[in-house]
Amino acid sequence: MEFQNYLPIWDKLTPDQQARLREVVDFRKVPKGTFIHDSSADCLGLLLIRTGQLRTYILSEEGREITLERLFPYDVCLLSASCVMPDMQFNIMIEAEKDSEFWSIPACYFKNLMDESLAVSGFATGLMSGHFSQLMWLMEQIMWKSMDKRLAAFLLEESQLEDTTSLKLTHEKIAAHLGTAREVITRMLRYFQSEGMVKLSRGTIDLTDPIKLRKLAN
């Protein structure tokens, strides 16, 4: 399938813009675990996700991670084009959580499109609005929602994404997603196990009572 099917504003571009875009767009395949982007490095550009699953996150000075959002097929990511947003003051990291395929539109070319086209400029504004809303939601979760509720919600989300109640997840990986220490996650999961909501084994978390987890998450 051609990349234009993954770009919602393709039909808003002029034939000349479409022709130039075909020349500059880059297609990449990356295996699970690939580190794709660090916004302190060169600008990667706008990403159009074809297959797989990417994760955007930020890293504290102490080395603690917290997931901002995940990207799935047909999602578009502007956070990888930090030079288009010179006022962005935090460092965005992107990694592949699964084997993935995506196109990247060079940031310099996308910026030119924004200058040329009100439709592209509006599209970029909408993307940033969506990213900002996600960030505000995340801040609300961190500030006002207890860790047990956040952990329960995360386990249920993972179960839905992987279509299984048997999750291959380390405590360290969960801690990275939720922006906390591994010891906190271990302690919380042991409590969940004592309440019959999960069963723990090496490298695996089985959701034994999803209904109870959902009640806790809500």
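The values are calculated or read from the model by the stated rules, or taken from the named source; none is laboratory data. Remember, it's a predicted structure, so these values are computed and weren't measured experimentally. For neighbour counting, all protein chains shown are included, and Cβ atoms are generated from backbone atoms with ideal geometry for every residue, glycine included.
Looking at segment 113-147, which of its residues are acidic (Asp, Glu) and surrounded by 14 or more Cβ atoms within 10 Å (Cβ to Cβ)?
Glu116
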Any pair with Cβ under 9 angstrom, 6 or more apart, that starts in segment 130-150 at a residue that is charged (D, E, K, R) and ends at one that is outside any helix (DSSP H, G or I): Lys149/Asn218; Arg150/Thr180
Criterion (closer than 27 Å to Ile58 by Cβ, aliphatic (A, V, I, L, M) and modelled with pLDDT of 95 or more) met by exactly one of Leu156, Leu138: Leu156
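Mind listing just one residue for me: the one in segment 48-86 that is hydroxyl-bearing (Ser, Thr, Tyr) and outside any strand (DSSP E or B) and, of those, modelled with the lowest pLDDT?
Ser82
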Take the conditions under 23 Å from the mean Cα position of the chain (by Cα) and not acidic (Asp, Glu) and apply them to Thr208. Does it pass? no
Given the options Leu213, Leu189, Leu151, name the one that is in a helix (DSSP H, G or I), surrounded by 14 or more Cβ atoms within 10 Å (Cβ to Cβ) and within 22 Å of the chain's Cα centre (by Cα). Leu151
